[in-house]
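Notes follow the structure.
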Amino acid sequence: MDDSFIFTLALKPEPEALPIARETAELALKTWGLCERRVYEGKLVVNELVTNAVQNSPVGGEITLRMFLCDHDVPVVEVWDDSDLLPAPQPDDLNATSGRGLNLVDYFVRRWGSTPVAGGGKVVWAALEVAGGFNP
């Protein structure tokens, strides 16, 4: 496992940012030696966090995706955007067609949270679950 890489990507708040973010997540997680299952889960988490940033960022705003290893073995995802709106999981609604993203994130990570940024915006972060998830 090589923990020397920090992956940082600047994105526009547009739907076209999502596949780029997922590809970057896949590259990072595979570089760190995670198994396919954990790579899939990590891509899902990145997709949900970046989707929220795209939906909440103002026109002309900017999103930054950053991924790194904490304590040499815990992948951390950070998504910064220009919106001051802090994320909150929605109650389960079987008829809803959206609003489940943070519930999925919560299921697949060790912990997650958000922090307002001085001057505006926020960072939403997630520490990915890796138990049994590294390739030998």
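Scan segment 27-66 for residues that are acidic (Asp, Glu) and surrounded by 17 or more Cβ atoms within 10 Å (Cβ to Cβ) and the total you get is 2.
For residues in segment 75-118 being in a strand (DSSP E or B) and more than 18 Å from residue 22 (Cα to Cα), which is modelled with the lowest pLDDT? Spell out the reasoning first.
The first filter runs over segment 75-118 and keeps only residues in a strand (DSSP E or B), leaving 75-81, 109-116.
When the remaining residues are screened for being more than 18 Å from residue 22 (Cα to Cα), the result is 110-116.
Numbers: 110: 90, 111: 94, 112: 95, 113: 95, 114: 96, 115: 96, 116: 96.
Checked segment 75-118; the qualifying residue modelled with the lowest pLDDT is 110.
Could you go through segment 5-18 and let me know if any residue there is modelled with pLDDT under 90, aromatic (Phe, Trp, Tyr) and over 19 Å from residue 121 (Cα atoms). Yes, that holds for at least one residue.
The values are calculated or read from the model by the stated rules, or taken from the named source; none is laboratory data. If you're wondering where the values come from, they're calculated on a predicted model, not measured in any experiment. Here the Cβ is made from the backbone with ideal geometry for all residues, glycine too, and neighbour counts use every protein chain on show.
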